[in-house]
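Notes for the one structure printed next.
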Amino acid sequence: MDQRLRHGFRLGAFEVEPLAGRISGPDGAQHVQPKVMDVLLFLAAHEGQVVERDTLLQQVWRRVTSEEVLTRCISELRRALGDDRGTPTYIQTVPKRGYRLVGTVVVAAGETAQPASAAPATPAAAAPAVAAAGPPALAAAMASIAVLPFDTHSADPGQAFLGDAFAAELHGTLARVDRLRVASRRASFVFKDPGTGLEEIGQRLNVDYVISGSLRCDGPALRVFAELSDARNNTQLWAQSYDRKNEDLLNVEREVAEAIVSSFTTLKLRAETSGARRQASVNLDAWGLVQKARAFVLDYTAEGLAEAIEPLERAIELDRDYPAAHATLASLLVERLVNGLSEDAAADERAAVAAATKALTLAPEDPFILKLVGLAFSYVGEQRKALGCLRKAVGYAPFDFGAWGYLGWPLTATGEPQDLAELRGVLERLLVMEPQHPGAAFWLYHRSVADACEGDFAAARRSAEAAIELRPRLALAWMHYANVLGHAGDKAQARDALAQCQKINPALTPKHFESLVKKIAAVAVVEPRVGGLKKIGALRP
């Protein structure tokens, strides 16, 4: 694909801005969903050629999905372009085959506009996965949902975690359906205890629908009750009980996910929901261990990291081909490295890379896996590999705003002007749409790092202070804040910020932070990211 297309092109009377998700014409500008823009990009890259439907589905979605998804994208494109299916000006339907872009595509090449067809094209088979142009607008989602923790009723204390685990798995499945916006697990699990009304939950999580339920375990017998409610008017839309055996728990989760999606679209997305599933034959004990590990690290404390890694290693012993176990282990090992908590950093790094590589081999198109391994690769300094994984993750699950935020790690590490510009666009959109998202403090942290990389320490200070206000125990943000203050010449406050960082996490020392930055970041941005610590005497010049 001609990469210049991503930076904008003209199609007849319309200006197309892929990175902004915008199509502007005689009647004004319209924003389109990321996948709609991805379809237009692919057609533009093959201007005048018939593009088979199967090719579009493979290149844009990269996984099994229904043809109905593509049909809807084409319809939305035609609406945005004012096109008519019967007498097309831009998009022609080729019966029983696919589509052809019949309008002329013109891209900017320096100061001179050239037809896109004049540039050498990448063969379709070698085309990279198309990342979405930016986080989609909230209104672009088919539905917005929160999955609350399920109540657990069991005489066995060892099964107390099952309600949370079931809800977490259901959350993950629904988040893989690319037109559903699912509130973050961390934000939703705040409502574990009863007492908050549905309307308030919907307002606080910015969703229209809420999923809740319960599990009852009685020896080998299992009863799952699930319900879907409209939080706007406090009405139940769907409810179902499932009486099964304990070993059928994950099959019930799949049935619940498909029933919920079907409630919004009848059966249109059932195939997409099934395609979003993890491998079918997961060892139930291994699954339980992974869910326990994830519960330990919701707050990423030193204790939580230590407690989580051991059950993950046990899960892998039980099921060596369980990608979620490997990906989660990789992410936690690098968290330990970043925070200075590793007793053998070299061994943890090797284990993290091995686990990430294994997970990616087992599930190369699973957005949850791609998100975690992308983070792991970034933390060990493999930024281009990290970017590849994270771009695919948001391409497959564009409403996973947490995954969009993860792009901050590799994009600030490269320090390239185009990467920093891309990151700013992503972060500003995220912060406007989801200012209360659990990841918002990290988004502000990344924006501050980008400001520092560009030498704007006044802006970096404002964003760092906002990040700390949202998440006062984010040690990494305090260390970065100390650096920014040092660059700004406020040495006394910089030393106070450094002391606060050390109070939260004594292992995150200036020396460790410097070694981390040197490992993951390009040489050109090392000085902006640690030079302020040198100015206050926390590091040697």
Set of lysines with alpha-carbon distance to Lys35 below 16 Å, sequence-local pairs under 8 removed: Lys392
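Gly202: net charge of surrounding residues, Cβ under 9 Å, Lys/Arg +1, Asp/Glu -1, itself excluded?
My count for the surroundings of Gly202 gives -2.
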Unit charges on C-beta of K, R, D, E only; dipole of the chain, Debye: 920 debye
Förster radius 60 Å - calculated FRET efficiency between Arg186 and Ser75 (Cβ-Cβ, nearest 0.05): 0.95
Contour excess over end-to-end distance, with Cα ends at Gln49 and Thr89 and 0.36 nm allotted per residue: 12.9 nm
Net length gained if the chain between Asp456 and Trp238 were fully extended (0.36 nm per residue, minus Cα distance): 73.3 nm
Positive dipole terminus of region 279-403, leading residue within Ala308, Ser331, Gly402 (C-beta point charges): Gly402
Farthest toward positive dipole pole in the chain [+1 Lys/Arg, -1 Asp/Glu at C-beta], among Val51, Pro472, Leu508: Val51
Inter-label distance for Asp156 and Lys511, nm, one decimal - labels placed 7 Å from Cα along Cα-to-Cβ: 4.9 nm
Reach of Lys96 by Cα under 18 Å, taken over aspartates and glutamates that are not fewer than 8 positions away in the same chain: Glu52, Asp54, Glu67, Glu68
Those lysines that a straight Cα-Cα span of less than 20 Å connects to Lys385, excepting residues fewer than 8 apart in one chain: Lys358, Lys371, Lys518, Lys519
Net length gained if the chain between Ala499 and Val526 were fully extended (0.36 nm per residue, minus Cα distance): 7.5 nm
Of all DSSP beta bridges in the chain, antiparallel share, percent nearest 5: 80 percent
Mean-position separation - Cα centroids, region 438-504 and region 361-378, in angstrom: 28 Å
Sum of -39500 (n - 2.57) over DSSP H runs of 4+, divided by residues of the chain (222 nm, nearest 500): -16000 deg cm²/dmol
Three-way shape call for the chain based on the alpha-carbon gyration tensor, with the a/c threshold at 1.5: oblate
Low-density loop cleavage sites - chymotrypsin sites (Phe, Trp or Tyr not before Pro) in region 1-107, where at most 16 other Cβ are within 10 Å (DSSP): none
Approximate spin-label separation Ala488-Thr104, in nm, with each point projected 7 Å along Cα-to-Cβ: 5.3 nm
Cβ-derived FRET efficiency at R0 25 Å, Asp321 paired with Ala347, nearest 0.05: 0.60
Intensity falloff of region 407-541 expressed as log10 I(q)/I(0), Debye formula with alpha-carbon point scatterers, at q = 0.17, 0.22 Å⁻¹: -0.83, -1.39
Residue among Gly158, Ala13, Gln203 farthest towards the positive dipole end of the chain, charges placed on Cβ: Ala13
Computed FRET value (nearest 0.05) for Lys245 with Glu67, which takes r as the C-beta separation and R₀ as 30 Å: 0.25
Antiparallel content of DSSP bridges confined to region 139-275, in %, to 5: 65 percent
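FYI, it's all coordinate maths here, none of it is from the lab. These numbers come from a predicted model, not from an experiment. Note: ideal-geometry Cβ built from the backbone for every residue, glycine included; neighbour counts use all protein chains shown.
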